[in-house]
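Peer 1: What follows is a structure written as structure tokens; I'll ask about it next.
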Amino acid sequence: KKKMILDLDTGVDDALALAYALATPDADLIGVIASYGNTLVDTAAQNTLNLLELLGATDVPVYTGYAHAAGSGPFETMQISMDIHGTNGVGNVELATAQRTVESTDGEDAADFLIDAAYTYRDNLIVVPTGPLTNLAAAMKKDPAIGDLIGNITLMGGALTVPGNVTPYTEANINQDPAAADYVFKHGRHVVMVGLDVTLQTLLTKEETKAWRKLNTAKGTAFADIFDYYIDAYYNLDINKNGAALHDPLAVGVAVDPNLVTLLPINLMVSTEDGRTIGDPARALEPIKTNFAAVEVDTPFYVERFMNYMVNILK
Ligand code: BDR
Ligand code: CA
């Protein structure tokens with residue numbers, strides 16, 4: 001069975017990615033690294049611990065990753081992120097504080113955890129970052145051999161065929177640390193980009209969250225409250241009136257089952273000018289592609305699978 005490490009800036013849709021990763025029968029979740037983005041890294045780590053406890057997965061280690069991009073100043077959460085994810089990152093829903101704490105608050109330990117896992121599991125390891133690529137790039141720079149060891153990196157980020165969501169060109173996760181994303185694209189053996197091209201096509205509505213509420217469990221209600229906040233934010237901010245995007249759980253879905261999407265083989269890079277994910281001219285003619293961009297998604301099939309997994313784990 002595949003082993004999975006998540007790197008989350010938890011985050012409403014990151015919370016769903018976490019639940020999906022625990023629910024999928026196709027991979028074992030062996031650890032989570034926290035990142036910054038939707039919220040501060042410490043808040044993301046605490047949210048992750050709280051959610052794992054709520055979901056009964058108290059044996060999954062959590063590491064606090066780096067607090068900001070290498071070479072840049074302290075990170076502050078943007079107002080728009082707080083509007084979308086709540087000031088606490090999880091839709092202002094108050095989760096019970098977990099009994100345990102993180103394994104380490106040192107970003108370098110998080111990088112070492114990734115490096116060790118790469119040597120232990122090699123081809124069998126799937127790394128799924130759904131926030132900035134800071135932690136993964138740091139690990140790959142610290143030990144350049146792991147770029148070739150990790151079997152599969154499937155990240156949520158970028159936009160190839162559609163506009164960005166932070167500027168007309170750039171997507172939020174890439175925008176936080178363009179240099180790190182560029183490094184990962186260029187040095188990973190197999191990197192799948194699950195960007196806005198596909199994630200904006202997977203929307204969830206209150207019809208679906210109602211099904212979690214009906215389960216009458218604390219976790220069902222908490223997840224429904226968290227996601228309803230996000231649906232309301234999408235509506236009020238006029239991002240989408242028809243529901244809210246399942247960005248991060250789609251990356252987890254694709255990581256274990258690439259058949260959910262159509263993958264375009266294309267070696268990618270991040271433009272230093274505008275943070276845009278584009279084809280890398282230096283590697284365009286290479287016969288072997290190491291990067292793949294998801295450009296189409298089987299939405300009904302994916303949403304049905306997502307709902308089955310969620311209902312199962314929230315029971
Ligand atoms: C991405 O940015 C974050 O707001 C979400 O959690 C997702 O990972 C979407 O651009
Ligand atoms: Ca995220």
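Peer 1: Go over the candidates Asp248, Asp232 one by one and state the one that is buried (at least 20 other Cβ atoms within 10 Å of the Cβ) and not in a strand (DSSP E or B).
Peer 2: Values: Asp232 fails: buried (at least 20 other Cβ atoms within 10 Å of the Cβ).
That would be Asp248, the only listed residue that is buried (at least 20 other Cβ atoms within 10 Å of the Cβ) and not in a strand (DSSP E or B).
Peer 1: Can you work out which of the residues in region 168-196 that are closer than 22 Å to Thr10 by Cα and either open to solvent by 10 Å² or more (accessible area, probe 1.4 Å) or among the acidic types (Asp, Glu) (or both) is farthest from ligand 2 (Cβ to nearest atom)?
Peer 2: The qualifying residue farthest from ligand 2 (Cβ to nearest atom) is Ala179.
Peer 1: Now a separate question. Considering only residues that are under 16 Å from the mean Cα position of the chain (by Cα), closer than 16 Å to Tyr36 by Cβ and among the aliphatic types (A, V, I, L, M), which ones fall in region 156-200?
Peer 2: Scanning region 156-200 gives Met156, Ala172, Ile174, Ala180, Ala181.
Peer 1: Another question about this same structure. Looking only at region 10-22, decide whether some residue is closer than 28 Å to His190 by Cβ and away from ligand 1 (no atom under 16 Å from the Cβ).
Peer 2: Looking for residues that are closer than 28 Å to His190 by Cβ and away from ligand 1 (no atom under 16 Å from the Cβ), one finds at least one in region 10-22, hence yes.
Peer 1: Hey, can you tell me all the residues within region 272-304 that are touching a Phe, Trp or Tyr at 6+ places or on another chain (Cβ under 9 Å) and either over 22 Å from Gly158 (Cα atoms) or among the aromatic types (Phe, Trp, Tyr) (or both)?
Peer 2: Listed by number, the list is empty, since nothing qualifies.
Peer 1: Looking only at region 36-59, which residues are out of contact with any Ser or Thr (no Cβ under 9 Å at 6 or more places or on another chain) and among the hydrophobic types (A, V, I, L, M, F, W, C)?
Peer 2: Leu54, Leu55, Ala57
Peer 1: So which residues in region 17-38 are within 20 Å of Ala224 (Cα to Cα), open to solvent by less than 10 Å² (accessible area, probe 1.4 Å) and near ligand 2 (Cβ under 10 Å from one of its atoms)?
Peer 2: Ala17
Peer 1: Yes or no: region 280-289 includes at least one residue that is open to solvent by less than 50 Å² (accessible area, probe 1.4 Å) and either at pLDDT below 95 or not charged (D, E, K, R) (or both). Walk me through it before giving the result.
Peer 2: Narrowing region 280-289 to residues open to solvent by less than 50 Å² (accessible area, probe 1.4 Å): 280, 283.
Then keep just the ones that are either at pLDDT below 95 or not charged (D, E, K, R) (or both); that gives none.
Scanning region 280-289, I find no residue that is open to solvent by less than 50 Å² (accessible area, probe 1.4 Å) and either at pLDDT below 95 or not charged (D, E, K, R) (or both), so the answer is no.
Peer 1: With respect to Thr202, is the statement that it is out of contact with any Ser or Thr (no Cβ under 6 Å at 6 or more places or on another chain) and among the hydroxyl-bearing types (Ser, Thr, Tyr) true?
Peer 2: Judged against the criteria, Thr202 is not a match.
Peer 1: Additional query: Can you give me the number of residues within region 197-211 that are closer than 18 Å to Leu237 by Cβ and open to solvent by less than 30 Å² (accessible area, probe 1.4 Å)? Steps first, answer last, please.
Peer 2: Of all residues in region 197-211, those closer than 18 Å to Leu237 by Cβ come to 199-200, 203-206.
Add one more test, that the residue is open to solvent by less than 30 Å² (accessible area, probe 1.4 Å), and what stays is 199, 204.
Number satisfying all stated conditions: 2.
Quick grid of which residues meet (1) more than 17 Å from Glu171 (Cβ to Cβ); (2) free of Cβ contacts under 8 Å to residues at least 12 places away in the same chain; (3) away from ligand 1 (no atom under 16 Å from the Cβ):
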{"residue": "Ala233", "(1), (2), (3)": "yes, no, no"}
{"residue": "Asn242", "(1), (2), (3)": "yes, no, yes"}
{"residue": "Leu246", "(1), (2), (3)": "no, no, no"}
{"residue": "Val252", "(1), (2), (3)": "yes, no, no"}
{"residue": "Asp257", "(1), (2), (3)": "yes, no, yes"}
{"residue": "Thr262", "(1), (2), (3)": "yes, no, yes"}
{"residue": "Val270", "(1), (2), (3)": "no, no, no"}
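Peer 1: Please list, ordered by first then second residue, the pairs with beta carbon atoms under 7 Å, 6 or more apart or interchain, first in region 137-158 and without any contact (Cβ under 8 Å) to a residue 60 or more places away in the chain and within 16 Å of ligand 1 (Cβ to nearest atom), second in a helix (DSSP H, G or I) and among the hydroxyl-bearing types (Ser, Thr, Tyr).
Peer 2: Short answer, once both residue conditions are applied: none.
Peer 1: A follow-up question, please. Quick check: is even one residue across region 282-290 of a type outside the set (Gly, Ala, Ser) and in contact with a Leu (Cβ under 6 Å, 6 or more places away or on another chain)?
Peer 2: No: region 282-290 contains no residue that is of a type outside the set (Gly, Ala, Ser) and in contact with a Leu (Cβ under 6 Å, 6 or more places away or on another chain).
Peer 1: A further question follows. Whether any residue in region 254-274 is surrounded by fewer than 16 Cβ atoms within 10 Å (Cβ to Cβ), of a type in the set (S, T, N, Q) and at pLDDT below 95 is what I want to check.
Peer 2: Looking for residues that are surrounded by fewer than 16 Cβ atoms within 10 Å (Cβ to Cβ), of a type in the set (S, T, N, Q) and at pLDDT below 95, one finds at least one in region 254-274, hence yes.
The values are calculated or read from the model by the stated rules, or taken from the named source; none is laboratory data. Not measured: the values here are computed from a predicted model. Here the Cβ is made from the backbone with ideal geometry for all residues, glycine too, and neighbour counts use every protein chain on show. Ligands, DNA and RNA are stripped out before the accessible areas are found, and what is left, the full protein with its side chains, is counted by its heavy atoms. Shrake-Rupley method; radii C 1.70, N 1.55, O 1.52, S 1.80 Å.
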